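Sharing a structure below in structure tokens format, with a few things to ask.
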Protein chains: 2
Amino acid sequence: MPGILPAVVEVEGGDFVLVALVTAISLGSLAMAALFRQQVLAAPEGTENMRRIAQAVQEGANAYLGRQFRTLAIFAAIAFFALMALPADDATVRIFRSVFFLVGAGFSGAIGYLGMSLAVRANLRVAAAAENEGRDPAMNIGFRTGAFVGMATVGLGLLGASIVVLWFQDDAPKVLEGFGFGAALLAMFMRVGGGIFTKAADVGADLVGKVEQGIPEDDPRNAATIADNVGDNVGDCAGMAADLFESYAVTLVAALILGSQAFGDKGLVFPLIVPAIGALSAIGGVFLTKPRAGESGLKTINRAFYLSAAVGAVASTIAAFIYLPSKWSELGSGVSAELSPPVFASGAVVIGIVLAAAILALTGYFTGTEHKPVKDVAATSLTGHATVILSGLSVGLESAVYTALVIGAAVFGAALLAGGSGGLALFAVALAGCGLLTTVGVIVAMDTFGPVSDNAQGIAEMSGDVSEAGAQILTELDAVGNTTKAITKGIAIATAVLAASALFASYTQSAFEEGGAFIADEFLVYDAKLIVGALLGASVVFLFSGLAINAVGRAAGAVVYEVRRQFREIPGIMEGTGRPEYGKVVDIVTRDSLRELATPGILAILAPIAVGFGLGVGPLAGFLVGAIASGTLMAVFLANAGGAWDNAKKLVEDGHHGGKGSEAHAATVTGDTVGDPFKDTAGPAINPLLKVMNLVSLLIVGAIVNLSYGEDENDVVRILIALAAATGIAVAVYISKQRESQLGDDVDTPAAVETV
Amino acid sequence: MPGILPAVVEVEGGDFVLVALVTAISLGSLAMAALFRQQVLAAPEGTENMRRIAQAVQEGANAYLGRQFRTLAIFAAIAFFALMALPADDATVRIFRSVFFLVGAGFSGAIGYLGMSLAVRANLRVAAAAENEGRDPAMNIGFRTGAFVGMATVGLGLLGASIVVLWFQDDAPKVLEGFGFGAALLAMFMRVGGGIFTKAADVGADLVGKVEQGIPEDDPRNAATIADNVGDNVGDCAGMAADLFESYAVTLVAALILGSQAFGDKGLVFPLIVPAIGALSAIGGVFLTKPRAGESGLKTINRAFYLSAAVGAVASTIAAFIYLPSKWSELGSGVSAELSPPVFASGAVVIGIVLAAAILALTGYFTGTEHKPVKDVAATSLTGHATVILSGLSVGLESAVYTALVIGAAVFGAALLAGGSGGLALFAVALAGCGLLTTVGVIVAMDTFGPVSDNAQGIAEMSGDVSEAGAQILTELDAVGNTTKAITKGIAIATAVLAASALFASYTQSAFEEGGAFIADEFLVYDAKLIVGALLGASVVFLFSGLAINAVGRAAGAVVYEVRRQFREIPGIMEGTGRPEYGKVVDIVTRDSLRELATPGILAILAPIAVGFGLGVGPLAGFLVGAIASGTLMAVFLANAGGAWDNAKKLVEDGHHGGKGSEAHAATVTGDTVGDPFKDTAGPAINPLLKVMNLVSLLIVGAIVNLSYGEDENDVVRILIALAAATGIAVAVYISKQRESQLGDDVDTPAAVETV
């Protein structure tokens, strides 16, 4: 790798026109998004009751996101100035890296907000359509809502990246680090905060409603139902949209950084062409998503995915052969491989697209109700709660392995295309990431479909205005939504691993640029300090997961106490004559989620700083590898165990093993409750975690090398920075532990016991 | 590291006498073991009823171990010949590496067998002493049983290593690879097989007995009780003894391999002196373990530990200053550091001893009933099964992080002593491992105390011949045993990480010896293939854990069906007039455990072969780092989550949160049942897994380098070997999946449902 040093690259002439065309496509995507939004809003709004409930959900979601953005503004401001203080090649990079940090964060937040704000308007329209017009129109509204978010994600991601390339040319990769970091940081906070919100409300509602009082989900007598529906929107919708936008942006950033070094000028253009093709094929995919008669909703959505993936693969290959020269020497970057540039590039892109399809199939197998794993988990409900937990954990652990094998095969395949050249191999990985991105438009659409249909069912149930037939349709759509949500998580993890690996390559590259080739000795994997780094990287993943799960438990506990209090103190709730104070629960969950998101967020930002400045540039590399390896497995494990439990419960509710109300059902409810924070809080938050840690490392590597070996060598300053970061983590963890104590005490009081 | 190449080392003159003295100490330790054994057997045997029950447990345990050894003989024979086929420096190494492989395996098996065979004789003597003589004599018998196993472990470990050093001199490190591999391989199988046995019987007995029929633990009406007690002996006793022997042997092996390169002749002697001192201080510790009036049993045992640790630290430091020269140049190995050799060596040893003490404290905090984590888990039982699971998982995840931080600090501290020299840093890690070893005598004694007191309680309960007061004493001893078991697991994991890191260093060292310095490029951590390796290493840990948990679930299911069948078909069991067929359950668990241990075992052996030959020597290094990093976290997570659940249940049974029979109790029983395979099957089996994978890598590295770059370069053969190994894993996993299907079908039959 020391051989590859960045050439001066310029995007001009035909290339300039091409990138401008990408900008135009990004604007076109945004226009399409606006069109889809209009289509959704044009649908009728349903009954008075529905509107009232939807209104409550809207207000709750708006209030939460508003407060969340105000909280995050503090973090963003600190990060803005911290970025300014970091070393940079020149003033342009220094200033605009910070400015585009804000742009990235703003886009990420905007996607989340826009997605949420349409989802809370679409939910009642889907419910109304299911009642009055039938399944296909209802599904259409849900999928168009998703398409809006998908096209907005793709549009804003491409817009940001292409403008930076046009504007900053040679400096674009450095400025993009800021853009990517902003997107990732905000997405991580939205993922964690929204994830805690949605699951605290869900688990809290289930514990009191289903388990203690024996009333169904979304029953209006449960004070936590509105909070539960708000959660779907701020977690599954806003959080996931921000997360996928971030995946999109960061993958592009990584590809552009490595691209300019491997492909020269063209390396700043080709990684933009591929997702631009993806944007076009996604638009096609959305228009093709028309349910055929008698076909399941999932089949329709899968068809859209496979079609747009196939179109993306073919078109990217054609683009590679037209745009890239057939000889490496013509690229002028000094890098080469055995395969010609078009074969190399299109091969990598196709690997990414095939990876997306493979993960779709694998996740479907491990979390779908029609396959063996979920059936087995459901069967273990006959021997009680413990066996359901154990079998779900097993499914999660094993499915993580197969997913990791597939991702590993993709990375290895990409490396093989490069024929052994270190830097080129990781550019191939980044290009595979771009391949994955071509499917993001449809993936986001699939994902947003989930919370919208979930909410539609909730509103129908609470309003009491939907007939048997309409409810049946909504249940079917909700089940489809569950599967699409699980699949999206799998794809999101794959993009995270590819993007993180590529960013990791940029990190070592930057270390070489700063420190010279001799620094290679720091990166030998058998160095004891590097092994310690790897251990710490794995530790952060485990701690982050533990903190997130714990946070949900704490916040859910608060919901349980509030709902119990309302049942106790407000007369007539169970009889339907008293009205629960829904807003109170929303307030509690909002407050707790915002408080809880700080600790995992601080951990993600400060851990690489502590390791990098404290132990050095090599151990930080070990740290990143340890985090990527165990993070990949942990993320899939958590997501799929949760998905399997969720659908095992659905199987039992569909009448297997004794059906609703049986002992077996109670056991699967336990599984589902354990799985909730797994699959919707901790698991998906690991994606942005990996990228935030890699981006922080990438941003600080210059400073570390400089303080360790450079002109400003100063061990005292270096150690002080590390200690400050470590202290920050310790304080944050300590504070969150203190909160735990209070709840522990609360739980233990006799008053609490009496209410059980 | 390429700079350190092995010098010709000879152990002669004073050194020869010293090593001979170590041999004598090892024989002395074995003599002490025999003495302790006699003391235990001299105690009175208790009532007719007790003898009859103990007899049944003995027979069951003997039958299981006998069948297990016959099964493992096949694996051992294959490994024996496979080792012969691997490259070696000369015929001596080739032959004696294989011969000492058998010796290592034999010692490992012998320790397990001897420990088990005394434990099944001690259990009823402890019960009788508790009834007739009071707490202190009962505790004394239990602890002497442990001391027998401890001294036998230390004696056989030192005996094997010192004889190899005396006999083979320069070739000793290579021959020791065989010795260590034999010990680790057998220990892994005994850990997995015994772990599956003990938890299948335990979980099966609990599911039918406690959960379905509402009868207490160890109730003679439960057909699985004898199997449960057999399990304590073959899993917790034989399995753990073999595991700790293996830790002992492998750590010594790693230290001796690295020692000869760092310290020359003296490097083959000093790593033997340290554990020999440990043997002597352990004997002192055992004799000092006399309970003081009114003191809890745990305090007595802790005192023995801290005393022997302090004596070990002081004596090792004195030995280092007497034995080692004060200048590096006098060592003649060409290696040096800033600190003088005695400071370096004694510093590393003390780090290891401090690490042991720190882990003792940490594990006690996270799994002890008197501290916050377990109290919090117990409190969550008020909100049901799911919250108990979530809080226990959180405790496990977070405690894993702190333990990893402590281990990481120890590795880093050891590396700092070496002042940056790669090879020397890892020798320091190995010496820290030797420091840990000084405490193994007492640790094994503490651990064996657990199953013996657990069994004593079982026999007392089943015989009905023990009064209230006697039962109270046994309950106290059992609780002490639970904590000592948890602590041992923590220490075992720490030794595993240190030994695995040191072995990993030997692996890269061997690669350099075979391939020359240019091979360093293969080990750069940012190589995409190496990242894939790390991903695969983490995958193996997850898959292994999933397989082990799954195996327990399957085998427990078989127990559940058999016990239910007996309740149904044998009249009068519940009334106490019919006698259950205990032997039938033992047979079923024996058969299933032996069938189930193959798949994880095959995975551990073949995975490094597939990765190494398939992807190369660098990716195999990444694989090992990925496995060590995620394996450390996973092992502690599983052990401590399980320990916390176990003791949370005890807290509730002691009357908190509603006490026995409450809803809260049922929730903690679920936690405990989930925790059983965590803490006693999957978690502890990860220790030998890490070492087996490192040793396999160390043994094959010569062949990989040779086929990849050497004289016999041959990619076809290399890929074929990898494919064969990968196919072997796939077939083994497939076969175990098929078994799962059958159980799944069985569970689903209406007949099975009726019996619930």
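The values are calculated or read from the model by the stated rules, or taken from the named source; none is laboratory data. Note that the structure is a prediction, hence the values are computed from the model and not measured. Methodologically, a virtual Cβ is constructed for each residue, glycine included, from the backbone with ideal geometry; neighbour enumeration extends over all protein chains shown.
Those residues that are surrounded by fewer than 24 Cβ atoms within 10 Å (Cβ to Cβ) and in a helix (DSSP H, G or I), I need them from the stretch B:210-225; list them, please.
First pass over the stretch B:210-225, keeping only residues surrounded by fewer than 24 Cβ atoms within 10 Å (Cβ to Cβ): B:210-221.
Of everything in the stretch B:210-225, those that are surrounded by fewer than 24 Cβ atoms within 10 Å (Cβ to Cβ) and in a helix (DSSP H, G or I) turn out to be B:210, B:211, B:212, B:213.
Still on this structure: Could you list, in sequence order, the residues of the stretch A:462-474 that are acidic (Asp, Glu) and either outside any helix (DSSP H, G or I) or crowded, with 24+ Cβ neighbours inside 10 Å (or both)?
A:465
Quick check on residue A:518: is it within 30 Å of residue A:625 (Cβ to Cβ), out of contact with any His (no Cβ under 9 Å at 6 or more places or on another chain), at pLDDT below 85 and of a type in the set (Phe, Trp, Tyr)? Full working, then the answer.
Numbers: within 30 Å of residue A:625 (Cβ to Cβ): yes; out of contact with any His (no Cβ under 9 Å at 6 or more places or on another chain): yes; at pLDDT below 85: yes; of a type in the set (Phe, Trp, Tyr): yes.
Yes: the conditions hold for residue A:518.
Among the numbered conditions (1) at positive phi; (2) within 14 Å of another protein chain (Cβ to nearest Cβ), tell me where residue B:210 comes up short.
The number of the failed condition is (1).
Let me ask another. Let me spell it out: the conditions are (1) farther than 22 Å from residue B:302 by Cβ; (2) of a type outside the set (Lys, Arg); (3) within 12 Å of chain A (Cβ to nearest Cβ), and residue B:403 meets all of them except one. Which number is the exception?
Result: residue B:403 passes all but (1).
Return the total of residues in the stretch A:415-424 being at the interface with chain B (Cβ under 8 Å from one of its Cβ atoms) and free of Cβ contacts under 8 Å to residues at least 40 places away in the same chain.
The qualifying residues number 1.
Which condition does residue B:375 not pass, out of (1) surrounded by 24 or more Cβ atoms within 10 Å (Cβ to Cβ); (2) within 8 Å of chain A (Cβ to nearest Cβ), if it passes all the others?
Residue B:375 satisfies all of (1) surrounded by 24 or more Cβ atoms within 10 Å (Cβ to Cβ); (2) within 8 Å of chain A (Cβ to nearest Cβ) except (1).
Same structure again: Which of the following residues is more than 14 Å from chain B (Cβ to nearest Cβ), in a helix (DSSP H, G or I), at pLDDT 90 or above and more than 30 Å from residue A:558 (Cβ to Cβ): A:700, A:719? Explain how you work it out, then say what you get.
Values: A:719 fails: more than 14 Å from chain B (Cβ to nearest Cβ).
So the residue among A:700, A:719 that is more than 14 Å from chain B (Cβ to nearest Cβ), in a helix (DSSP H, G or I), at pLDDT 90 or above and more than 30 Å from residue A:558 (Cβ to Cβ) is A:700.
Quick one: which residue in B:314, B:354, B:343, B:350 is in a helix (DSSP H, G or I), at pLDDT 85 or above, more than 25 Å from the chain's Cα centre (by Cα) and over 21 Å from residue B:19 (Cα atoms)?
Values: B:314 fails: over 21 Å from residue B:19 (Cα atoms); B:354 fails: more than 25 Å from the chain's Cα centre (by Cα); B:350 fails: more than 25 Å from the chain's Cα centre (by Cα).
One residue alone meets the criteria, B:343.
Here's a follow-up. Among (1) within 14 Å of another protein chain (Cβ to nearest Cβ); (2) assigned to a helix (DSSP H, G or I); (3) touching a Phe, Trp or Tyr at 6+ places or on another chain (Cβ under 7 Å), there is one condition residue B:593 misses while meeting the rest; what is its number?
Exception for residue B:593: condition (1).
Continuing with the same structure: Only one residue in A:427, A:412 is closer than 30 Å to residue A:523 by Cα, of a type outside the set (S, T, N, Q) and facing chain B (nearest Cβ under 7 Å). Which one? Let's see the steps before the verdict.
Values: A:427 fails: facing chain B (nearest Cβ under 7 Å).
The unique qualifying residue is A:412.
Please go through the stretch B:23-59 and give me each residue that is part of a helix (DSSP H, G or I), more than 30 Å from residue B:162 (Cα to Cα) and among the polar types (S, T, N, Q), ordered by number. Don't jump to the end; show me each part of the working.
Just the residues of the stretch B:23-59 that are part of a helix (DSSP H, G or I), to begin with: B:23-42, B:48-59.
Still in the list and also more than 30 Å from residue B:162 (Cα to Cα): B:41-42, B:48-59.
Result: B:49, B:55, B:58.
Hey, does the stretch A:568-580 have a residue that's at the interface with another protein chain (Cβ under 9 Å from one of its Cβ atoms) and surrounded by fewer than 24 Cβ atoms within 10 Å (Cβ to Cβ)? Give the steps one after another, and end with the answer.
Step one: list which residues in the stretch A:568-580 are at the interface with another protein chain (Cβ under 9 Å from one of its Cβ atoms), which gives none.
No, the stretch A:568-580 has no match at all.
What do you reckon, is residue A:526 assigned to a loop (DSSP other than H, G, I, E, B) and either at pLDDT 90 or above or of a type in the set (Phe, Trp, Tyr) (or both)?
On the way: assigned to a loop (DSSP other than H, G, I, E, B): yes; either at pLDDT 90 or above or of a type in the set (Phe, Trp, Tyr) (or both): yes.
In short, yes.
Out of curiosity, is residue B:548 surrounded by fewer than 22 Cβ atoms within 10 Å (Cβ to Cβ) and within 14 Å of chain A (Cβ to nearest Cβ)? If you could, list the steps in order and put the result at the bottom.
Working: surrounded by fewer than 22 Cβ atoms within 10 Å (Cβ to Cβ): no; within 14 Å of chain A (Cβ to nearest Cβ): yes.
So residue B:548 fails the test.
Restricting to the stretch B:703-716, name every residue that is in a helix (DSSP H, G or I) and either at positive phi or charged (D, E, K, R) (or both).
Within the stretch B:703-716, the first condition is being in a helix (DSSP H, G or I), and the residues that meet it are B:703-708, B:715-716.
Selection gives B:715 alone.
Buried (at least 24 other Cβ atoms within 10 Å of the Cβ), more than 10 Å from every other protein chain (Cβ to nearest Cβ), under 30 Å from residue A:406 (Cβ atoms) and not aliphatic (A, V, I, L, M): is that true of residue A:495 in this structure?
On the way: buried (at least 24 other Cβ atoms within 10 Å of the Cβ): yes; more than 10 Å from every other protein chain (Cβ to nearest Cβ): yes; under 30 Å from residue A:406 (Cβ atoms): yes; not aliphatic (A, V, I, L, M): yes.
The answer is yes for residue A:495.
For a quick check of your reading of the model, give me the residue pairs whose first member lies in the stretch B:631-646 and is more than 10 Å from every other protein chain (Cβ to nearest Cβ), whose second is part of a helix (DSSP H, G or I) and among the basic types (Lys, Arg), with beta-carbon atoms closer than 6 Å and at least 6 apart or on different chains.
Filtered contacts from the stretch B:631-646: B:639/B:489; B:639/B:679; B:642/B:679; B:643/B:679.
For the stretch A:529-552, indicate whether the set of residues that are more than 22 Å from residue A:676 (Cβ to Cβ) and not in a helix (DSSP H, G or I) is non-empty.
Initial filter on the stretch A:529-552 (more than 22 Å from residue A:676 (Cβ to Cβ)): A:529-540.
Checking the rest, the ones that are also not in a helix (DSSP H, G or I) come to none.
Checked the stretch A:529-552: no residue is more than 22 Å from residue A:676 (Cβ to Cβ) and not in a helix (DSSP H, G or I).
Still on this structure, I have one more. Out of the stretch B:515-538, which residues are buried (at least 24 other Cβ atoms within 10 Å of the Cβ) and either free of Cβ contacts under 8 Å to residues at least 24 places away in the same chain or β-branched (Val, Ile, Thr) (or both)?
B:525, B:526, B:528, B:531, B:532
Can you pull out every residue in the stretch B:274-317 that is of a type in the set (Ser, Thr, Tyr) and either surrounded by fewer than 21 Cβ atoms within 10 Å (Cβ to Cβ) or under 17 Å from residue B:32 (Cβ atoms) (or both)? Steps first, please.
Of the residues in the stretch B:274-317, the ones of a type in the set (Ser, Thr, Tyr) are B:281, B:289, B:296, B:300, B:306, B:308, B:316-317.
Those that are of a type in the set (Ser, Thr, Tyr) and either surrounded by fewer than 21 Cβ atoms within 10 Å (Cβ to Cβ) or under 17 Å from residue B:32 (Cβ atoms) (or both): B:281, B:289, B:296, B:300, B:306, B:308, B:317.
Now a separate question. All but one of (1) more than 27 Å from residue B:251 (Cβ to Cβ); (2) surrounded by 24 or more Cβ atoms within 10 Å (Cβ to Cβ); (3) among the aliphatic types (A, V, I, L, M) hold for residue B:42; state the number of the condition that does not hold.
Residue B:42 satisfies every listed condition except (2).
Being part of a helix (DSSP H, G or I), within 24 Å of residue B:146 (Cα to Cα), within 14 Å of chain A (Cβ to nearest Cβ) and at pLDDT 85 or above is the requirement here; does residue B:459 meet it?
On the way: part of a helix (DSSP H, G or I): yes; within 24 Å of residue B:146 (Cα to Cα): yes; within 14 Å of chain A (Cβ to nearest Cβ): no; at pLDDT 85 or above: yes.
Here the answer is no, as residue B:459 does not meet what is asked.
Do we find a residue being part of a helix (DSSP H, G or I), more than 14 Å from every other protein chain (Cβ to nearest Cβ) and surrounded by fewer than 24 Cβ atoms within 10 Å (Cβ to Cβ) anywhere in the stretch B:502-514? Quick ask: steps written out before the conclusion?
Our first condition is that a residue be part of a helix (DSSP H, G or I); within the stretch B:502-514, this holds for B:502-514.
Subset that is more than 14 Å from every other protein chain (Cβ to nearest Cβ): B:514.
Subsequent filtering for residues that are surrounded by fewer than 24 Cβ atoms within 10 Å (Cβ to Cβ) retains B:514.
Checked against the condition, which is being part of a helix (DSSP H, G or I), more than 14 Å from every other protein chain (Cβ to nearest Cβ) and surrounded by fewer than 24 Cβ atoms within 10 Å (Cβ to Cβ), the stretch B:502-514 yields at least one hit.
Checking residue A:543 against (1) touching an Asp or Glu at 6+ places or on another chain (Cβ under 9 Å); (2) at the interface with chain B (Cβ under 7 Å from one of its Cβ atoms); (3) farther than 11 Å from residue B:397 by Cβ, which single condition isn't satisfied?
In the conditions (1) touching an Asp or Glu at 6+ places or on another chain (Cβ under 9 Å); (2) at the interface with chain B (Cβ under 7 Å from one of its Cβ atoms); (3) farther than 11 Å from residue B:397 by Cβ, residue A:543 misses (3) alone.
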